[in-house]
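Below: the structure, in structure tokens.
The values are calculated or read from the model by the stated rules, or taken from the named source; none is laboratory data. Because the structure is a prediction, the values reported are computed rather than measured. Side chains included, ligands, DNA and RNA excluded: accessible areas come from the protein's heavy atoms. Shrake-Rupley method; radii C 1.70, N 1.55, O 1.52, S 1.80 Å.
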Amino acid sequence: FATMFRVMTPERRPRAAMIVLNAVTNDSRVLKGAWYMADQGWDVAIFGWSPKGQIDHISVGRAHVFRLPRPVFQRHPNRLLTITKVLFLRGRNYLRKAWIISLGQVIPGPSSEILRPIGEARSVLAPAVAAFEPDLIHAQDFSAMPVALDAQKALVAAGKKKPTLIYDAHEFLPGQANIKRAIRRSLVAMERR
């Protein structure tokens, strides 16, 4: 990941990493915050998901956006294995959704299955954020919080300065009526933890 950050300024200014679990470009709240911080002298990097199967970099004003591919979309050199993996993951996702819509409304289920997308983000985005070595980590919404904590722990474990962590709760999670009860229950427990 270190080669990704060569586009940043050569001198070491305060660094802020923003984490958002979307493709970033349509998230005006995150973009405006990054743009403002960059104008105030910070090196700002936003970490999000790539809409393609590869790492890409774009600039927003003086801020940088690094988008990484979700593990689901990473390709294997063997095309047959890639197709098999995609079909398996689609089937598992359909089963997950069916469970959430039916039994998941009544029976509390495995949080690990409900929180699987956040687990994917932790495995991909947290190492990238830690490689950036930010002074401040800004978790955009509840889904980015575990990623931010993992990055913070990785930096401390590597003997680096512990970055300040900001949790920007975009919504009041317990009051989100549009989220299925089973999912909301797991997300609220994760947020509290």
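Leaving ligands, DNA and RNA out of it, rank F47, F142, F88 by accessible area with a 1.4 Å probe, largest first.
F88, F142, F47
Expressed in nm to one decimal, what extension gain is obtained for the pair R193 and S123 from 0.36 nm per residue of sequence separation less their Cα-Cα distance?
23.3 nm
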